[in-house]
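Peer 1: Would you mind keeping the following structure in view while I ask a few things?
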Amino acid sequence: MLNRLERLTQRVGGSNELVDQWLHARKELLVSYCTLVGLKPNKEKHTPLNEKALDNFCHNLVDYLSAGHFHLYQRIIDEVEGAEIKLQAAKIYPALELNTEAIMAFHDSYTENDIDDDNAFAFHYALSDVGEALDARFQLEDQLIILAFDPESRKELPSANEEHLAKPA
């Protein structure tokens, strides 16, 4: 996910301040996720879970999801030019909403309950699911960014009619 983010940043970075801030926030979220799961970028070393890492990840997660829904998505869709492209961008939004619900279920479950020996396995499984959901979300968000700010890459995107847009993870 970090490598894909770096490639996208190289392609569209500097084209829009809003997107630059969004991609920076995504990087912070990914770093906090990697810290939580015990992964160091570009390494496979695992570390034990700590509560501070969980709190930091959950804080970054809520901030990132809120910024997308309340500030960024509509502004990005508004930037898209052309009726067909705007329709394609608008069809991504419902998948993002479903994705948010799935991710927030994790947040709600594990910020209100302590993680102990009885639920540690379920927590790690849920954390893996959140990683997959974030990956799916980032792919959807990347499509929005490409539609609005990278016309050269639009032809690589799936069409607005493809079913996977409604299946966020």
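The values are calculated or read from the model by the stated rules, or taken from the named source; none is laboratory data. Quantities reported herein were computed from a predicted structural model and do not represent experimental measurements. Here the Cβ is made from the backbone with ideal geometry for all residues, glycine too, and neighbour counts use every protein chain on show. What goes into the accessible areas is simple: the full protein's heavy atoms, side chains included, and nothing from ligands, DNA or RNA. Shrake-Rupley method; radii C 1.70, N 1.55, O 1.52, S 1.80 Å.
Peer 1: For the stretch 9-33, how many residues meet the condition of being within 18 Å of Gly131 (Cβ to Cβ) and open to solvent by less than 20 Å² (accessible area, probe 1.4 Å)?
Peer 2: 4
Peer 1: Let me ask something additional. Restricted to the stretch 77-136, and to residues that are hydrophobic (A, V, I, L, M, F, W, C) and in a loop (DSSP other than H, G, I, E, B), which residue is most open to solvent (accessible area, probe 1.4 Å)?
Peer 2: That would be Ile115.
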